[in-house]
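Read through the structure below, which is laid out as structure tokens, and then see the notes.
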Amino acid sequence: MLGSKEEPIEVYCFGTNKFRLKATIVEIFNEKLGKWQWYEYSKTVMPCPVCGRLMKVYYIPGTTWFACCSEECYKKYEVRLLADLDDFIDEMKNKILKKNAEYGDFRQYDVSSLRSHLIEEIREWLRSVGTVKEPLELIDVANLCYMIWSKLKGSVAHV
Ligand SMILES: [Zn+2]
């Protein structure tokens, strides 16, 4: 690792490599418009979410950004995200199978009753915030969202 521990690595979250950093503003090349535009930027010091290395992150306030200290850490984060997604999908499948076993095929429900179920699930999730039950309650919410999405899309759900 280059640099000492006290020196955070600089990370630029401007969504492109085509930028010119000035004292208080950054000029960013807008590919769609084919011209340079300027924005005020902010800086914050935070640890890399993957390896913990200190970073000085440059970003434009009001935009969504995500920072890792290196390409390697971005990749690791992505892999972890995909693994989490697999768990999530498994959990969703179990929930839908369970729901179908309990109430019959969810596709028999109309969208408005699924919507009111969703509101109920969101209330339960809110009550569970910060408790060990929260992840499961969140799965319930996602599950209902999926059911509604599936109904609205008019597609056959394969689970
Ligand atoms: Zn890192």
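Read the figures in this text as sums done on the coordinates, not as results from a lab. What you see is a predicted model, and the numbers here were worked out from it, not measured in a lab. FYI the Cβ positions are ideal-geometry reconstructions off the backbone, even for glycines, and counts take in every protein chain you see.
One table, with the values for the structure above:
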item	result
Coarse-grained scattering of the range 47-116 at q = 0.18, 0.25, 0.27 Å⁻¹, given as base-10 log I(q)/I(0) from a Debye sum over alpha-carbon atoms	-0.78, -1.11, -1.18
Options ILE28, TYR146, TYR41, ranked by Cα towards positive dipole end of the chain, top entry (Cβ charges)	ILE28
Loop-exposed GluC sites (Glu not before Pro) per DSSP, neighbour cap 15 Cβ within 10 angstrom, longest uninterrupted part of the chain	32-159
Beta bridges per DSSP with both ends in the chain, % antiparallel, nearest 5	75 percent
Net lengthening on full extension, TRP65/LYS43 (0.36 nm per residue, minus Cα-Cα)	6.7 nm
Above-threshold pairs, the threshold being 31 Å between Cα atoms, out of LYS76/LYS98; LYS18/LYS93; LYS18/LYS76	LYS76/LYS98; LYS18/LYS93
Within the range 9-94, chymotrypsin sites (Phe, Trp or Tyr not before Pro) in DSSP loop having at most 15 other beta-carbon neighbours inside 10 Å	TRP65, PHE66
Sites GLU31 and ALA142 - FRET efficiency at Förster radius 25 Å, r taken between beta-carbons, to 0.05	0.15
The range 1-62 - Rg (one decimal) and Dmax (whole number), Cα, Å	13.5, 41
Within straight-line cross-link reach of LYS75, aspartates and glutamates at Cα separation under 15 Å, skipping those fewer than 8 residues along the same chain	ASP84
Cα extents of the chain along the three principal axes, largest first (Å)	62, 40, 28
With Cα atoms, 0 to 90° folded angle of helix 71-103 axis to the chain main axis	10 degrees
The range 1-57: antiparallel DSSP beta bridges as a percent of all, rounded to 5	80 percent
Reach of LYS95 by Cα under 27 Å, taken over lysines that are not fewer than 8 positions away in the same chain	LYS133, LYS151, LYS153
